[in-house]
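Written below as structure tokens is the structure these notes are about.
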Amino acid sequence: MKPSRFSRDYYKIMRRRRVNLMLFILLIISIFYFFGDRIFALMNINIKIPKISFNFPKIEKKAEEKKQENNSNQPSNQTVPEDRVEYKKVEYTKADGKIIEILIDASTNKIFKLNDTSERTNYVIDKSKDFIVFDDIKAGQILMCDVNGNIAEISQDYYRSKSLNKNLYRKDILKYKPEYIWAAKPFITNDNRVIYISQLPYFKSTAEFYLWSYDLNKKETKRIGTLGTDKLELIEYMGYEGTNLKIKVGNAIYKLSIGSNKLSK
């Protein structure tokens with residue numbers, strides 16, 4: 001029965017009827033979609049109802065979103081800028097009054113580098129970065145600093161002269177001969193030694209340089225051999241070639257093998 005158009009609920013009733021009609025139609029369609037094959041089979045009607053697939057268009061991501069997504073999937077190779085890393089600073093005043101700084105990374109507790117505004121300090125950091133070795137040429141010292149900031153001398157402050165049968169002390173030699181090179185240019189070898197340059201065992205003004213070593217395990221100092229020059233600036237460590245450390249002296253190349261206390265060419 002159709003309601004009167006002048007009825008107060010006319011439009012509400014008609015809207016409800018339309019909704020009910022649509023729901024009924026959707027119900028019939030759903031029944032035939034899911035169970036149509038069975039119904040027609042029971043009625044001996046051979047009709048195949050095609051399955052409906054809904055292909056929604058892909059929405060392309062914005063270029064910026066793609067970039068952010070790709071970046072989030074990539075491993076980060078970024079390093080923290082040096083000026084943002086926190087360092088522990090160890091200061092040391094050299095005999096010439098210059099102050100050097102040893103920087104230790106506070107997060108890793110490893111030696112980072114040595115700062116010297118005068119650029120007159122020769123140093124080398126161990127591969128493990130647990131300690132650094134540097135020289136104080138005016139004082140005639142080779143020093144070692146660990147990650148705890150402890151600084152200790154590893155060069156000797158005297159030389160035992162067999163011919164004179166007495167100890168000759170560094171402080172006395174440098175007092176009357178301040179330009180004398182007692183110890184300089186350290187290098188850490190692959191067999192846990194620190195080698196360095198010295199004019200010992202001779203005290204002439206033009207005394208040529210010798211290679212010395214300090215064994216970090218045995219705490220022993222030994223003279224290795226002459227380098228055939230009296231000019232410190234000509235001596236350069238070239239690194240390892242196999243088991244041999246190459247030392248360049250002018251145009252000559254000397255070699256120090258692992259475990260050896262002799263130089264060869």
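The values are calculated or read from the model by the stated rules, or taken from the named source; none is laboratory data. In this text the structure is predicted, and so the values were computed from the model without any measurement. Methodologically, a virtual Cβ is constructed for each residue, glycine included, from the backbone with ideal geometry; neighbour enumeration extends over all protein chains shown.
A residue that is surrounded by fewer than 18 Cβ atoms within 10 Å (Cβ to Cβ) and touching a Cys at 6+ places or on another chain (Cβ under 9 Å) can be found somewhere in segment 150-158.
Per the listing 164, 143, the residue uniquely out of contact with any Lys or Arg (no Cβ under 9 Å at 6 or more places or on another chain) and outside the structural domain of residue 240 (by TED's automatic domain parsing) is 143.
Results for (1) under 22 Å from residue 170 (Cβ atoms); (2) of a type outside the set (Val, Ile, Thr); (3) part of a strand (DSSP E or B), shown as yes or no for each residue.
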| residue | (1), (2), (3) |
| --- | --- |
| 186 | yes, yes, yes |
| 194 | yes, no, yes |
| 218 | yes, yes, no |
| 224 | yes, no, yes |
| 236 | no, yes, yes |
| 239 | no, yes, yes |
| 245 | no, yes, yes |
| 248 | no, yes, yes |
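Give the number of residues within segment 70-108 that are over 23 Å from the mean Cα position of the chain (by Cα), of a type outside the set (Asp, Glu) and at pLDDT 60 or above. Looking only at that region, the number is 7. When residue 197 is tested against (1) crowded, with 21+ Cβ neighbours inside 10 Å; (2) not assigned by TED's automatic domain parsing to the domain that holds residue 245, only condition (2) is not met. What tally of residues in segment 132-149 results from selecting those that are surrounded by 14 or more Cβ atoms within 10 Å (Cβ to Cβ) and touching a strand residue (DSSP E or B) at 6+ places or on another chain (Cβ under 6 Å)? Residues meeting the conditions: 12. Does residue 105 fit the bill of being within 23 Å of residue 233 (Cα to Cα) and surrounded by 13 or more Cβ atoms within 10 Å (Cβ to Cβ)? Taking the combined requirement at face value, the residue does not satisfy it.
Scanning segment 140-196 for residues that are closer than 18 Å to residue 122 by Cα and without any contact (Cβ under 8 Å) to a residue 40 or more places away in the chain gives 146, 152, 153, 179, 193.
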